[in-house]
Each structure stands twice: as C-alpha cells, then as structure tokens.
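S.K.: Sharing a structure here in structure tokens format.
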Amino acid sequence: MINLKNAKYLIVLFVFILFGFSIQSNKSGIEIFAVKGNLKKSFKDCYYCFDENSVVLSQNPIFDEDDIEGFNWKNQQIFLNESGKRKVKNLKIALSGLPVVMVLNKKRIYGFWFWDKFSSFGCDRVYTYPQKDFKIKFGLPENNVFGKDPRFDKLLQKYVIDNYKQD
C-alpha cells in the first residue's frame, strides 16, 4: 500500500514528467513541414502557388531548429548540421518537386518548393535544392516569377538575425 509520503513523491514526479513532455512538444523556432495530400493551385496564372495557411501539413517537420547550423539571411541560404544532412540525404523529392511550408514559432510564414537536385522544372514561386545548396530563391528562371517575394518576412528576419551568426 502507498503511504501519504510516497504518494506526494509520486505526484511530484508525475508533474515533472508531464512538464518535461510539454516542454518537448512545445518546441519553437524554425521548422519546415511537407504539405500532405493533393495541392490545388491558388492562382490561375501561377503554377506553383499555394496558400500555406489552407494546406494540411505533415505531422512532424522535415527539418527543425535542431537540424540547422546556420541561416544566412542576406543570401537566403540554410546550412544544415550533421542530423540535418542525414535527413536531407534520406529525403525523397520527386522531379516535380515537394511542396513545403516554412514555420516560425508555430506560425506559417510562407510556402515553397523543394526540388530534386536533378530536376529541370521551372518555378514561378519560391524554391530550393536542399540536396545541393539549400539556397532559397524566387523564380526559376529569374524572370519567371508570380506575385510578391515572401522570403523576406520581418518576423523571420528578426529571428534569423537574432539567432544565427551573419557574415
């Protein structure tokens, strides 16, 4: 039988365990999620536009803060650490691309596309080749763009500059 003293210890232990799990599940920072399901074009004249706020995201991020070694704001380039490099090596990207969403502190910032390193598809929105250089660009070729470039979001800029060394 559990006495009152042991019950108090068990309750305190239980609270610490729950608190620890809640800290882990409330992870923040930069996360990149894959888009689940079929993607519908958001605009008539844009092939790769989608509304990042209306799509369903994968349950877990493809990359999160623990995978990112650096983020050069001026060049819009993400540098991965060893765990991120392992993930990108195992990432399956179709030649037609993989739609993803940049998320900051649980807020969706913008949607963009991962392209396979062998893909020759053009893109009228934001894209990157994560298996090549992870430089996030707008429009491929350069004059093939639709709408306003979303990469330079002010919240994301402040976060990146505050948390990653800039050259």
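The values are calculated or read from the model by the stated rules, or taken from the named source; none is laboratory data. Worth saying up front: this structure is predicted, and the values here are computed from it rather than measured. Cβ: placed from backbone, ideal geometry, glycine included. Neighbour counts: every protein chain shown. SASA here: full protein model, heavy atoms, side chains in, ligands and nucleic acids out. Shrake-Rupley method; radii C 1.70, N 1.55, O 1.52, S 1.80 Å.
S.K.: Under 8 Å for C-alpha pairs, at least 6 residues apart: give me the relative contact order for region 44-167, rounded to a whole percent.
M.R.: Relative contact order here is 24 percent.
S.K.: Still on this structure, I have one more. Report in % the part of the accessible area of region 56-112 that belongs to carbon and sulfur, leaving out ligands and nucleic acids; probe 1.4 Å.
M.R.: 50
S.K.: Provide the percentage of antiparallel DSSP beta bridges, counting only those with both residues in region 31-167; round to the nearest 5.
M.R.: Looking only at bridges with both residues in region 31-167, the antiparallel portion is about 90 percent.
S.K.: Determine, at each q value in 0.10, 0.21 (inverse angstroms), the log₁₀ of I(q)/I(0) that the Debye formula gives when each Cα of region 85-167 is one equal point scatterer.
M.R.: Listed by q, the Debye log ratios stand at -0.27, -1.10.
S.K.: Return one whole number: the accessible area per residue of region 22-167 in Å², for a 1.4 Å probe.
M.R.: Accessible surface, normalised per residue, equals 59 Å².
S.K.: Sticking with this one: Take the Cα radius of gyration of region 44-139 and divide it by 2.2 N^0.38 Å, with N its residue count; two decimals is plenty.
M.R.: Dividing the Cα radius of gyration by 2.2 N^0.38 Å gives 1.04.
S.K.: Work from the charge dipole of region 26-155 (Cβ charges, +1 for Lys and Arg, -1 for Asp and Glu, about the Cα centre) and give the residue of LEU80, ASN143, GLY29 farthest towards its positive end.
M.R.: Selected residue: ASN143.
S.K.: Each label point is 7 Å from the Cα along the Cα-to-Cβ direction; what then is the distance between the points at SER96 and GLN59, in nm?
M.R.: Computed distance between label sites SER96 and GLN59 equals 2.6 nm.
S.K.: Scan region 117-167 for chymotrypsin sites (Phe, Trp or Tyr not before Pro) in coil per DSSP, keeping those whose Cβ has at most 16 other Cβ atoms within 10 Å, and list them by number.
M.R.: Loop-located and lightly packed - PHE118, PHE121, PHE146, PHE152, TYR164.
S.K.: Which of the trypsin sites (Lys or Arg not before Pro) found in region 23-94 are in a DSSP loop and have at most 13 neighbouring Cβ atoms, other than their own, within 10 Å?
M.R.: Those satisfying the criteria are LYS27, LYS40, LYS41, LYS44, LYS74, LYS92.
S.K.: Could you work out the per residue convex hull volume over the alpha carbons of region 25-94, in cubic angstrom?
M.R.: 139
S.K.: So if each residue of separation counts as 0.36 nm, and I subtract the Cα-Cα distance between VAL145 and LYS36, what length gain in nm does that give?
M.R.: Once the chain is fully extended between VAL145 and LYS36, it gains 36.8 nm.
S.K.: Ordering GLU69, GLU52 from largest to smallest accessible area (1.4 angstrom probe), what's the sequence?
M.R.: Descending order: GLU69, GLU52.
S.K.: Which pairs, out of LYS40/LYS165; LYS106/LYS137; LYS44/LYS158, put more than 29 Å between their alpha-carbon atoms?
M.R.: LYS40/LYS165; LYS44/LYS158
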